[in-house]
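Every number here is computed from the coordinates shown, using simple stated rules; none is lab data. Predicted model only: the values in this text are computed from it and were never measured. Please note: Cβ atoms are built from the backbone with ideal geometry, for glycine as well, and neighbour counts cover all protein chains shown.
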Amino acid sequence: MPHDLPKAYDPTAIEDHWAEYWVREKLFAQPTPKSGPEGPSSFDILLPPPNVTGNLHMGHMFEHTESDILMRWHRMRGERVLWVPGTDHAGIATQMLVERQVVSEGSTRQKMGRDAFIERVWEWRRHYGGNILNQMKRLGASVDWDREYFTMDERLSVAVREAFVKLHEQGLIYRGAYIVNWCPRCQTAISDLEVVYDEHKGHLWEIRYPVISEDGKDTGEFLIVATTRPETMLGDVAVAIHPDDERYTHLHGKMLRLPLMNREIPVITDDWVSREFGTGAVKVTPAHDPNDFALGQRHDLPSINVMNDSAEINAEGGKYAGLNRFVARKEVVADLEAQGLLAAIKDHVNNIGHCDRCKTIVEPRLSLQWFVKIQPLADKAISAVRDGHIKFTPEMYAKTYLNWMENIHDWCISRQLWWGHRIPAWHCSACHKTTVSREDPTHCAQCGSEKIEQSTDVLDTWFSSGLLPVSVFGWPRIAGAKDVGAPGASHLGTWESDRRDFDTFYPTSLLVTGFDILFFWVARMIMMGCWFSLDVPMPDGSPRSLAESVPFREVYIHALVRDANREKMSKTKGNVVDPIEIVKQYGTDAVRFTLASMASPGTDIAFNVARTEGYRAFANKIWNAARFLFMNIDRAAEAGITVDTAALGSMPAAEPGAPLEGRWIVAELHGTAEKVNQALANYRFDDAANAIYQFFWGSFCDWYLEIVKLSLDFSEAADKARVTAALTTLVSVFESSLRLLSPFMPFLTEEIWHAVYDGKPPAKSIALTRFPQSGDASADTVALQHMRLLQELIVEIRALRKEIGVEEKALVPVELRIDQQFRTVISENHAIVERLARVSDIRFVPQISDGLAKHATPQFDIAVVYERKIDVAAECERLNKEIARQEKNVANADRQLGNPTFTAKAPPHIVEGLKKQRDEAQHVLDKLRADRDSLGC
Ligand SMILES: [Zn+2]
Ligand SMILES: [Zn+2]
């Protein structure tokens, strides 16, 4: 048995190898089931698709680590596991990136034209779009690469089109002029969620609007309005006041002259106006402010849009036409001042919205957009969560979700971009009606004219990603009857196989994602999943209930990864940890284990390299344990003893008559397996990782390996049966530990596991074996109790040896007083105590001899028999120094505890801790003084 493992653990070498092997061997592919959804239960999730422009960051690595642990765990429990990967076409982000390239080459997308530009984006995607998924492959994510999707794939595009047409047929899609957040740089509407607000020090300009008489003459009176965006006054259509504002009662029904534009506008009254804000009179600009827009609707006012797509003043802005909005602002203010119409300029802090993508100031602006009438979809999405068909972990997110969903507005789904799913609507220039169609039409559905043109808008990226849970499993094709020409053609399989996929994998089991896309994505998937999957009958043909329509049954919201000082990672702060770099340094397994061990619910992770160093040392420990094991297997083989690997792969059990350490480590393994299984079922990755760590480093390496060495005697005289039994337990517990650890450290365990089987493993991968489950027979409480006693005894002897200064190597006798009932345990296992505590002889005594320093526990008293030859003068000096130090400690603590301000203000646990420290110092001090007295210093 060569069991070749290099001397040093080198993660890079083994990780590259296995990552490539897992993909090449398609180990995690989950083909369409051959028959219906019968068979093992399914556990499947969709990867929240990263942007195709993206690179892996620490947040991804954390999310993928948690998902991968769950996937590997479920797979090893024998479930039908599927993890579907893919990327999002990311409309704005991708278009911006390619546009920048085109500009750097001296062209623009406008010069290129739409078709050429889109072809250019596809080309970019072919070259660079796989980057993030390749990084996932390297990190070993156990996804099914055969099912990789891209949101612009033909079959997913068919679903997008069907969803749009269907909602339109259902009267849930409409086109209307509304105020949207307009990004003048990206030249598109963006959603409320894509606007980030910053506080800016700006101004509030107060402007005099002349009141005019019925025949249009100035009355000499002014109504003063306040605004933060004076250039928008070019589009004013009224000034509003509160009906009960007594300052302005005499102006009800009067007209004003709009300065600079010379337009007559009415004074209107509306309860919405706040009497306290500014002067209590507000200008009304329906085309440039959402509140004004609503006001305009209520009072039947026109909307005058004074800006073009680049936020320059258009022809409606009179002499300011052609000016950029900020230049126009300066000129408007200067002109008002010159005309004596500027009443005041006040400092004002306002919240300004910026485009999340390009940071340009967003311009609220009236434009013609497509909307989804969201209420019916939201109602279902609310019921799905409220009725418990979707469970959130942590639970509080259900409330956040419901709160948002209950206040939802109609969803603006059109974007003025080129890259994305083009809206399947054709405008007719003859009758000005719109044709919405599944197939590209050749003529207007209303008047038959051929003068039709497709809308230039594309759909919001989230419209397609919101459909993913249904579309990746074959909707809409499978919603139609098998032999009816359902829209689109699947290039993946037949109608039947798509149906089997849907029946088997929908609803998906779980979504693992971050809080930041709860509204963007999670909410939209729930709305669209619940709405569209209702079309798909259940496998037995019965109608689908809401419970079976949800896109996933559970949502697990993970924490954020921050830097070691709990600061958010950001490029500007320069504190970004690149997962690829950190993996190069410590290995994927150590980084994964760090992330898992820190993933306690509800708290963000303060990523700390020191922890990763610690887990790199853990990986080393496992590696060295394997090498120790293999060395012994080889030595055993030379002595004619072989370990039967056929018995491996299940949970080890120990014979009742087996040695204590064997029964104990098996019981510990069962207990750990139970803890890990339970922790993972509750998304407690931290508890699971820590249980494994304690078991492997503490129980297995520190205790068991040290004890079992006593039995690994390969000499002629040795008891062969005993050696074989010990070696068999050792190997089988170790092999089980590898399986327990495998979801957390897949590479290291894969490498060692193959070595255990010496190149002839029973499966292609440890990932395809069974996860350790604790059985009923596991609770060998006697073994656990007896071993605990031995451990306590050894720990006490070690402590005593230290206290009285026994040289490390010296073997010393001990005196032990212990109840009769435990005496046998100790005498049967005396060799363990002797080896681990370096004891030459255990003397059972009814009482510890006078003059020996002893430790007492509830179960035993123990003393080390040892006479030190000491230099009395030196020892007295040492004792005096130590006594002085402890006296200082006690005095310091007393002073602090005697200070009423401190005891009143410090948290109780600090005060308690200090008291404890004080008592301990006093205890040590008493002992030192006694020692000094006995020496006669
Ligand atoms: Zn922008
Ligand atoms: Zn027409």
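Computed on segment 822-937, with alpha-carbon pairs under 8 angstrom and 6+ residues apart, the relative contact order is 22 percent. The modelled label-to-label distance for the pair Arg835/Ala564, using points 7 Å beyond Cα in the direction of Cβ, is 4.0 nm. The mean sequence separation of alpha-carbon pairs under 8 Å and at least six residues apart, normalised by the residue count of the chain, gives a relative contact order of 12 percent.
Counting only DSSP beta bridges with both residues in the chain, the antiparallel share comes to about 70 percent.
Using the Cα gyration tensor of segment 428-481, with a ≥ b ≥ c the square roots of its eigenvalues, what is the shape: rounded (a/c below 1.5), prolate (a/b larger than b/c) or oblate (neither)? Since a/c reaches 1.5 but b/c is at least a/b, the shape of segment 428-481 is classed as oblate.
Comparing Cα centroids, segment 744-789 and segment 229-281 end up 78 angstrom apart.
For segment 40-117, build the convex hull from the C-alpha positions and give me its volume per residue in Å³.
It comes to 103 Å³ per residue, whole-number rounded.
Spacing of the modelled spin labels on Gln694 and Thr360, each 7 Å from Cα toward Cβ, amounts to 5.7 nm. Annotation: lysines with alpha-carbon distance below 19 angstrom to Lys905 (same-chain offsets under eight excluded): Lys915, Lys916. Which shape class applies to segment 785-937: rounded if a/c is under 1.5, otherwise prolate when a/b exceeds b/c and oblate if not, where a ≥ b ≥ c are the square roots of the Cα gyration tensor eigenvalues? Since a/c reaches 1.5 but b/c is at least a/b, the shape of segment 785-937 is classed as oblate. Applying the criteria of a DSSP loop state and at most 15 other Cβ atoms within 10 Å to the GluC sites (Glu not before Pro) of segment 760-832 yields Glu807, Glu808. Taking Cα atoms only, the orientation of helix 720-741 departs from the longest principal axis of the chain by about 10 degrees.
At a threshold of 8 angstrom on Cα-Cα distance, excluding pairs fewer than six apart, so keeping six or more, what relative contact order does segment 1-138 reach in percent?
34 percent
Computed from the alpha carbon atoms alone, the convex hull of segment 628-722 holds 110 Å³ per residue.
Cross-link partners for Lys283 among the lysines, with Cα-Cα distance under 25 Å and sequence neighbours closer than 8 places in the same chain left out: Lys201, Lys217, Lys254, Lys319, Lys330, Lys346. For a modelled paramagnetic label at Ile224, 7 Å from Cα along Cα-to-Cβ, the residues of segment 258-283 in reach, with backbone nitrogen under 19 Å, are 258-260, 274-283. Over the chain, dividing the summed -39,500 (n - 2.57) contributions of all DSSP H runs of at least 4 residues by the number of residues returns a 222 nm mean residue ellipticity of -13000 deg cm²/dmol.
Segment 199-260: D in µm²/s via Stokes-Einstein (Kirkwood Rh, Cα pairs, 4 °C, 1.567 mPa s)?
100 µm²/s
Under 5 Å between amide hydrogens, built in the peptide plane, is the criterion, and for Leu511 it picks out Glu554, Val555, Tyr556 among residues at least 5 positions away or on other chains. Loop-located GluC sites (Glu not before Pro) in segment 255-363 (DSSP state not H, G, I, E or B) with no more than 13 neighbouring Cβ atoms inside 10 Å: Glu276. On the principal axes of its alpha-carbon atoms, the chain has extents of 121, 80, 54 Å, going from largest to smallest. Restricting the trypsin sites (Lys or Arg not before Pro) of segment 834-903 to loop positions (DSSP other than H, G, I, E, B) with no more than 13 neighbouring Cβ atoms within 10 Å leaves Arg868, Lys869. Excluding same-chain neighbours fewer than eight residues apart, the aspartates and glutamates reachable from Lys399 by a Cα-Cα span under 14 Å are Asp387. Relative to the dominant Cα principal axis of the chain, helix 781-804 is inclined by about 80°. In this label model, Ala116 and Lys809 are separated by 8.4 nm, measuring between points 7 Å along each Cα→Cβ vector. The slack in the chain from Asn55 to Glu199, taken as 0.36 nm per residue of separation less the alpha-carbon distance, amounts to 48.8 nm.
Close amide H pairs (under 5 Å, H built 1.01 Å from N) link Tyr149 with Gly86, Thr87, residues at least 5 positions away or on another chain. Across segment 494-559, how large is the tail of the calculated P(r) beyond 19 Å, expressed as a percent of all Cα pairs? Summing the P(r) tail past 19 Å for segment 494-559 gives 36 percent.
Once you sort the root eigenvalues of the Cα gyration tensor of segment 134-230 as a ≥ b ≥ c, which label holds: rounded (a/c under 1.5), prolate (a/b larger than b/c) or oblate (the other case)? Oblate shape, in that a/c is at least 1.5 and b/c is the bigger or equal ratio.
On alpha carbon coordinates alone, what is the Rg over Rh value for segment 75-210, Rh being the Kirkwood radius?
1.10
Sort 551-559, 764-772, 94-102, 232-240 by the packing proxy (mean of other Cβ within 10 Å over each peptide's residues), most packed first.
Ranked by mean Cβ neighbours within 10 Å, highest first: 232-240, 551-559, 764-772, 94-102.
Put in line by how crowded their Cβ is, counting other Cβ atoms within 10 Å and starting with the fewest, Cys186, Cys447 read Cys447, Cys186.
Residues Met152, Met525, ranked from the fewest to the most other C-beta atoms within 10 Å, line up as Met152, Met525. Quick one: pull the percentage of alpha-carbon pairs in segment 443-593 with a separation above 25 Å. The share of Cα pairs beyond 25 Å in segment 443-593 comes to 53 percent.
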